[in-house]
Amino acid sequence: DEIKKARRDFNVPSSHTLVDADGLGWGVLEKGYVGFKATEAVAIEPETKGTRDPKTGKRDGIKGNYENFKTQCWYRFASKINEGIVSISLDDVLVNGARTQTVKVGKKTYKVKDLIVADLRSSKKGHNIDKKKMMNTKENQKSMLSGRSPDHGDAIMMREYFEIFKSPTNYFSSL
């Protein structure tokens, strides 16, 4: 199991391993990993827990006006970039166990930085007919990336999952 080997090599517990469940990743979920589903319902914003929701009157917290969970994560991540809270260091990029600044995707070699920048720029904000915040489709992003899927941008955006669903864990018990 490649995921288990990588987790051990980099000392990452299974509770900190997220699998993109929309596509081929769904099969890995059977091995006990948490799955990220783009179309999941919007989650309560963690910053609002305990706040009375004006729509329901309950003190569960407030859900943002997003089309789906993936959109919620993209908006949260973009906000952190714009506020200067997030930065990405390319000093520790490893590809097949070797430090590098480039990666081969298909038959083409790219600078990792260029891939990330292009992926993030291909994600566009908008609003749907119900005035909910939304993102452009994966097909639209692929057309902006000459047919390439924005996998690097998606992986970075998925980091928001752990910000929304924080759960204290004994990090080393599940290696």
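The values are calculated or read from the model by the stated rules, or taken from the named source; none is laboratory data. The model shown is predicted, which means the values in this text are computed figures rather than measured ones. Virtual Cβ from ideal backbone geometry, glycine too; neighbours counted across all protein chains shown. The accessibility values were calculated without ligands, DNA or RNA, using every heavy atom of the protein model including side chains. Shrake-Rupley method; radii C 1.70, N 1.55, O 1.52, S 1.80 Å.
Listed by chain and number, the aspartates and glutamates whose C-alpha is less than 19 Å from the C-alpha of LYS63, apart from same-chain residues fewer than 8 away, are GLU40, GLU45, GLU47, ASP53, ASP130, GLU160, GLU163.
Taking every protein chain into account, the accessible area of the chain amounts to 65 square angstrom per residue (probe 1.4 Å). Between the amide H of ASN136 and those of LYS124, distances stay under 5 Å, these residues lying 5 or more places away or on another chain, with hydrogens modeled in the peptide plane. Legend: residue pairs LYS70/LYS131; LYS80/LYS133; LYS133/LYS166, Cα-Cα distance threshold 21 Å; pairs beyond threshold, LYS133/LYS166. Considering only the Cα atoms of segment 32-71, their convex hull presents on average a projected area of 3.5 nm².
Normalising the average separation of contacting C-alpha pairs (under 8 angstrom, six or more residues apart) by the number of residues puts the relative contact order of segment 1-90 at 18 percent. In a reduced charge model with +1 at each Lys and Arg Cβ and -1 at each Asp and Glu Cβ, the chain shows a dipole moment near 280 debye about its Cα centre.
Rounded to the nearest Hz, the phi-derived 3J(HN,Hα) couplings of segment 4-13 under the Karplus curve 6.51 cos²θ - 1.76 cosθ + 1.60 (θ = phi - 60°) are 4, 4, 5, 4, 5, 4, 10, 6, 10, x, where x marks glycine and proline.
Once the Cα atoms are used to define both axes, helix 112-122 deviates from the longest principal axis of the chain by about 30 degrees. Among the trypsin sites (Lys or Arg not before Pro) within segment 102-172, those in coil by DSSP and having at most 15 neighbouring Cβ atoms inside 10 Å are LYS107, LYS124, LYS131, LYS132, ARG159, LYS166. With an a/c value of 1.5 or above and a/b not larger than b/c for the gyration tensor axes a ≥ b ≥ c computed over the alpha-carbon atoms, segment 108-163 is described as oblate.
Amide H contacts for TYR66 (H built 1.01 Å from N in the peptide plane; partners 5 or more residues away or on another chain; cut-off under 5 Å): LYS133.
Shape analysis of segment 1-111 places it in the prolate category; the axes a ≥ b ≥ c from the Cα gyration tensor give an a/c of at least 1.5, with a/b above b/c.
Shape call for segment 42-175 from the C-alpha gyration tensor, a ≥ b ≥ c root eigenvalues: rounded (a/c under 1.5), prolate (a/b greater than b/c) or oblate? Oblate, because a/c is 1.5 or more while a/b does not exceed b/c. Note on the chain: helix-only mean residue ellipticity at 222 nm, from DSSP H runs of 4+ residues weighted -39500 (n - 2.57) and normalised by residue number, equals -8500 deg cm²/dmol.
Looking at segment 1-106, the GluC sites (Glu not before Pro) that sit in a DSSP loop and have at most 16 other Cβ atoms within 10 Å of their own Cβ are GLU40, GLU83.
In this structure the amide hydrogen of GLY35, modeled in the peptide plane, comes within under 5 Å of the amide hydrogens of VAL19, none closer than 5 places in sequence on its chain. Restricting segment 10-100 to trypsin sites (Lys or Arg not before Pro) that sit in a DSSP loop and have at most 11 other Cβ atoms within 10 Å of their own Cβ leaves LYS49, LYS55, LYS58, ARG59. Taking the 1.4 Å solvent-accessible surface of the chain as the whole, the part contributed by carbon and sulfur is 52%.
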